[in-house]
1. Averaged across A:10-23, how many Cβ atoms of other chains sit within 10 Å of each residue's Cβ atom?
2. How far apart, in nanometres, would the label points at residue B:83 and residue B:471 be if each is projected 7 angstrom from Cα along the Cα-to-Cβ direction?
3. Determine the shape class of segment B:388-479: with a ≥ b ≥ c the square roots of the Cα gyration tensor eigenvalues, call it rounded for a/c under 1.5, and otherwise prolate if a/b is greater than b/c, oblate otherwise.
4. Using a Gaussian network for chain A with springs between C-alpha atoms less than 10 Å apart, which of these wobbles most: A:204, A:105, A:73?
5. What is the mean number of Cβ atoms from other protein chains located within 10 Å of the Cβ atom of each residue in peptide B:18-30, rounded to a whole number?
6. Which percent, nearest 5, of DSSP beta bridges in chain A are antiparallel?
7. Could you tell me which of rounded, prolate or oblate describes segment A:1-72, using a ≥ b ≥ c as the square roots of the eigenvalues of the alpha-carbon gyration tensor, with rounded for a/c under 1.5 and, failing that, prolate when a/b is larger than b/c and oblate otherwise?
8. Based on the mean of other Cβ atoms within 10 Å per residue, sort peptides B:37-49, B:422-434, B:202-214 so the most packed one is first.
């Protein structure tokens with residue numbers, strides 16, 4: 001997994017509540033058997049004026065001029081400012097894959113849906129929860145100042161604003177450790193293989209029907 | 001010490017190890033897979049040179065991408081016209097073969113929507129931990145199991161280690177007491193719950209659904225409720241084991257038999273929350289107060305009783321919420337304060353992991369019997385959830401009732417719930433749908449979804465607009 005230590009990047013808005021994973025990456029793109037290449041279809045139904053198809057060259061499609069990520073001032077953005085319950089709906093990991101492939105490294109919102117939040121950490125994408133009032137202020141400042149860039153320091157758990165003012169954020173210790181070091185958590189879990197085998201043996205005694213094969 | 005909740009017990013039963021950093025390793029008993037979220041996980045295993053930890057814990061079936069139309073379906077995987085979809089289903093075939101995973105293939109008797117075939121075969125059982133790369137895995141919680149959706153990285157993690165790294169969720173009890181009125185179903189109950197607590201109301205919680213109404217619901221009804229726990233933000237929903245659970249599970253093909261059955265029943269008898277269990281949050285609803293529900297917006301919390309009016313954003317004081325209502329009304333092509341019963345339907349979809357079980361089809365057929373779909377309704381799809389449900393419905397003659405009413409009887413698949421196969425809405429079309437999500441574009445680019453129960457969907461198909469199924473059925477009795 002890609003490590004996340006420190007990142008400075010232009011902020012861009014996704015200014016609506018309850019952004020669902022269907023909106024982040026529509027279902028027709030889920031037919032791919034790959035993990036990569038979803039970036040051109042991130043927010044497809046909002047970003048373009050036509051209906052997107054998998055495998056299509058998106059460079060000639062009509063862009064929706066009213067969608068913020070298409071504004072010149074947000075080109076190259078890598079920090080997404082979002083509203084409450086971001087990433088609700090389906091468990092599709094294609095959603096963080098698409099955000100990552102597009103170039104986002106972090107998403108800041110007052111709240112996230114559980115499965116999406118978890119999926120982000122598996123892909124080197126940092127979801128940051130801040131108080132709604134703080135997020136509102138970031139939105140206001142971003143709208144007021146072109147080129148508004150944030151510096152995110154995971155080790156210090158701090159966001160530094162363009163003026164130098166900093167905001168602290170919380171992050172789970174295990175996830176922070178994995179993200180800072182780009183660790184593969186399967187490898188970590190397999191270090192506990194003996195514990196898993198011991199549990200399994202005891203469980204097989206207690207509830208053998210759980211180990212019956214199907215078909 | 002306070003008693004334990006059902007979730008506490010299921011968690012403790014599956015706890016392999018608590019780690020110093022506050023996380024825990026939780027053992028997974030059953031891992032369901034389908035074609036959409038598994039290929040990248042198998043690829044990950046191959047790249048790392050890893051094996052399945054316990055291959056017999058996996059059960060696979062293709063459901064999201066398979067055609068529902070009989071002629072296309074007849075030719076099996078090779079007959080899937082959409083090449084990208086065909087490759088994905090073929091990839092599942094290849095992965096199951098290479099890793100020796102049991103699969104109910106596209107036209108085999110056991111095939112169906114993964115959340116329908118788990119309980120109906122006994123592949124998912126009370127007391128299990130169940131995961132799948134699909135958020136509606138919460139469905140299996142109806143059995144008294146701890147079941148939730150996971151992303152593809154976690155699919156790979158469970159494949160390789162049989163465990164998930166988790167932090168314990170908080171406990172929420174949603175208690176529905178009293179009694180449901182005639183014509184009010186499990187779907188209306190869960191939509192009313194989501195309308196009350198919101199789509200993020202259950203975030204961070206495991207929800208136990210309890211109370212008199214839940215105790216009286218059939219297993220199919222309980223599955224409908226648990227299925228949509230995720231639409232309330234909760235990864236897991238569950239219902240305590242009782243006699244209804246045991247009667248349902250007994251004699252299922254992969255349920256324990258003989259002495260094993262007796263031992264299992266003994267073990268499952270503790271799968272309920274203790275009387276003195278403490279919940280972090282309790283939500284209460286009264287069954288009598290729940291009417292048939294219809295969603296009007298683009299989030300499952302945007303739902304109202306059929307007798308109500310579409311809300312007026314001017315009545316909402318919170319600016320973000322007001323903007324959300326305005327955007328939803330614009331997308332849905334609805335006016336503030338218009339009657340729900342004035343909404344005209346273009347298509348109707350009866351199916352999905354929420355409402356494609358035999359009881360759902362019986363409810364829809366009871367309304368459709370001897371009637372015809374409105375001419376203004378272009379298409380009514382009835383898509384059974386599994387080969388087994390399809391066979392049972394045909395045995396009961398339900399398919400004939402649907403066909404006589406001008407509905408289309410299709411092959412088991414996820415179909416128009418998420419429109420990955422050819423079944424989809426056109427831009428601007430309104431659909432009465434028994435599925436679980438009314439997100440923008442969910443059922444087709446520009447499509448407008450209204451979530452309802454199977455009987456409400458059938459009534460809407462016949463009337464051409466939403467109608468209160470309770471009045472609709474009483475009309476027939478007096479006619």
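We did not get these values from a lab; they are worked out from the coordinates using the rules stated. Owing to the predicted nature of the structure, the values given are computational and were not obtained by experimental measurement. Positions of Cβ are generated from backbone atoms using ideal geometry, with glycine treated the same way; all protein chains shown enter the neighbour counts.
1. Working: counts 0, 0, 0, 0, 0, 2, 4, 9, 13, 1, 10, 3, 9, 5.
Counting Cβ atoms of other protein chains within 10 Å of each residue's Cβ and averaging gives 4.
2. 5.3
3. Values: a/c = 2.29, a/b = 1.24, b/c = 1.85.
Oblate.
4. Sorting by GNM fluctuation, first place goes to A:204.
5. Numbers: counts 0, 3, 2, 6, 3, 5, 0, 5, 0, 6, 0, 5, 2.
The mean count of partner-chain Cβ atoms within 10 Å per residue comes to 3.
6. Details: 12 of 25 bridges.
The answer is about 50 percent antiparallel.
7. It is oblate, given that a/c is not under 1.5 and a/b is not larger than b/c.
8. Values: B:37-49: 18.4, B:422-434: 21.9, B:202-214: 23.9.
Ranked from most to least packed, the peptides come out as B:202-214, B:422-434, B:37-49.
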